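Quick one: the structure is below, questions incoming.
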Amino acid sequence: KYGLEALRISQRLGVKALLAQSKQDQKTITSQTVGFGIAPRINAMGRLGHSLDALRLLLTKNKIRSEKLAKVLGETNAQRQEMTYEMYGHALAQSDDWKDEHIIIVQSADYHEGVVGLIAGRLMDRFYKPAIVISIGDGIGKASARSIAGVNIVEMIREVRDDLLEVGGHPMAAGFGVEEKKIEQVIERLKKLAKEKIDKELLKPSIDIAAVIPFKLINEKTVQTIWDFAPFGQGNREPIIALKGVEVLQVLTMGADNQHLKIVGQGDDGVTPINFLFWRRGSLAEKIDTGNKIDVAGVLEINEWRGRKSVQIRVKDIALL
């Protein structure tokens, strides 16, 4: 909380320029502002550009320089987003290959090593299996891995270290280097290890629901009460609530190639429509029709658009009744 307060009153030109470039209001910075607006721009420089430029932005005392550097960070982040989208789509096209596996492993010479960790994270979230993504270049494969609860991914990778150039990480995320000629061998060994060590029960995702709440409590006051406990993160998970029997009023898709799902729904009060946003699940639009009833698990948020506020739910999962 202190860190967020410090950002709200910061006089650093770089902070102000970065917030302006990402269209964020400095006075109302939240952990979401940092997580979705500021951090990705800084992070992108380490992935695709020169990380020193991010440091220079935060340290500069020249307004024009701060604006130029903030623009560079924004453009680099946009490049990272486009690259991530393309690589993720390429990886998804191979989903039949790992349908019966206990681990997801994809590789390509077209993958940028700075983004493989993001792709691994998305694959892990989507399919709830440990995921490894390998970029190949100059005869070397560079891999990034993300894991699920109960699977120590770095220890599993270390069991094939005799075929690797290097390995490091922790139970939930790891990376390794491997000669290109050994990649297939390493993949087969890891697949075999995964089937031996990962119980199928661990591959069944679950969501911890903080509360099932009635529609009449979906309002700004409730959202503010929840967000009084922010910032949320590893040691303070954002509460996931459940709504039962939501009536679907409208089904829409958003974003490039209709990759995101938006549902307008209402509860038994029959009065207040609520927007439900399910990121990267646009394909579900084909399975949900107007008039359907659904149960929803998600996170309550306030959406601000052109000075207007409304409550929305960032969906974690949907059950069609």
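The values are calculated or read from the model by the stated rules, or taken from the named source; none is laboratory data. Computed from a prediction, not measured in an experiment: that's the story for all the values here. Positions of Cβ are backbone-derived with ideal geometry, glycine not excepted, and every protein chain shown enters the neighbour counts.
In the list 47, 41, which residue meets the criterion of being surrounded by 14 or more Cβ atoms within 10 Å (Cβ to Cβ), charged (D, E, K, R) and modelled with pLDDT of 95 or more?
41
Starting from the stretch 245-273, keep only residues that are touching a residue at least 60 places away in the same chain (Cβ under 8 Å) and of a type in the set (A, V, I, L, M, F, W, C), then list their pairs with residues that are loosely packed, with under 13 Cβ neighbours inside 10 Å and not in a strand (DSSP E or B) whose Cβ atoms are within a distance under 9 Å, requiring at least 6 positions of separation or different chains.
256/82
Let me ask another. If the Cβ limit is 7 Å and pairs must be 6+ apart or interchain, which residue in the stretch 213-226 that is without any contact (Cβ under 8 Å) to a residue 60 or more places away in the chain pairs with which residue that is in a loop (DSSP other than H, G, I, E, B)?
That search, which allows pairs on different chains as well, returns 215/267; 215/268; 215/269; 215/272; 216/269.
On to the next question. Do we find a residue being of a type in the set (A, V, I, L, M) and modelled with pLDDT of 95 or more anywhere in the stretch 224-238?
Taking every residue of the stretch 224-238 in turn, none turns out to be of a type in the set (A, V, I, L, M) and modelled with pLDDT of 95 or more.
While we're on this one: Only one of 217, 118 is in the same structural domain as residue 273 (by TED's automatic domain parsing) and among the hydrophobic types (A, V, I, L, M, F, W, C); which?
On inspection, the qualifying residue turns out to be 217.
Turning to a different aspect of this structure: Looking at the stretch 284-303, I want the residues that are farther than 14 Å from residue 315 by Cα and modelled with pLDDT of 95 or more and have a partner that is among the aliphatic types (A, V, I, L, M) and assigned to a loop (DSSP other than H, G, I, E, B) with Cβ atoms under 8 Å, at least 6 apart or on another chain. Which pairs are those?
If the second residue must be among the aliphatic types (A, V, I, L, M) and assigned to a loop (DSSP other than H, G, I, E, B), the pairs left are 292/321; 293/321.
Also: Among the residues of the stretch 224-242, is any within 17 Å of residue 277 (Cα to Cα), surrounded by fewer than 13 Cβ atoms within 10 Å (Cβ to Cβ) and not assigned by TED's automatic domain parsing to the domain that holds residue 35?
No; the residues of the stretch 224-242 include none that is within 17 Å of residue 277 (Cα to Cα), surrounded by fewer than 13 Cβ atoms within 10 Å (Cβ to Cβ) and not assigned by TED's automatic domain parsing to the domain that holds residue 35.
Quick check on the stretch 54-66: of everything there that is of a type outside the set (Gly, Ala, Ser) and buried (at least 18 other Cβ atoms within 10 Å of the Cβ), which residue is nearest to residue 4 (Cα to Cα)?
The qualifying residue nearest to residue 4 (Cα to Cα) is 57.
Another question, then. Within the stretch 203-211, is there a residue that is crowded, with 16+ Cβ neighbours inside 10 Å and in contact with an Asp or Glu (Cβ under 6 Å, 6 or more places away or on another chain)?
Within the stretch 203-211, not a single residue is crowded, with 16+ Cβ neighbours inside 10 Å and in contact with an Asp or Glu (Cβ under 6 Å, 6 or more places away or on another chain).
Considering only the stretch 9-19, state which residues are surrounded by 15 or more Cβ atoms within 10 Å (Cβ to Cβ) and either part of a helix (DSSP H, G or I) or not small (Gly, Ala, Ser) (or both).
Once the filter is applied, which keeps residues that are surrounded by 15 or more Cβ atoms within 10 Å (Cβ to Cβ) and either part of a helix (DSSP H, G or I) or not small (Gly, Ala, Ser) (or both), the stretch 9-19 yields 12, 13, 14, 15, 16, 17, 18, 19.
With respect to the numbered conditions (1) within 20 Å of the chain's Cα centre (by Cα); (2) under 27 Å from residue 33 (Cβ atoms), which one is the sole condition not fulfilled by residue 310?
So residue 310 meets the others, but not (1).
Something else about it: Scan the stretch 116-172 residue by residue and report those that are among the aliphatic types (A, V, I, L, M) and surrounded by fewer than 17 Cβ atoms within 10 Å (Cβ to Cβ).
140, 149, 165
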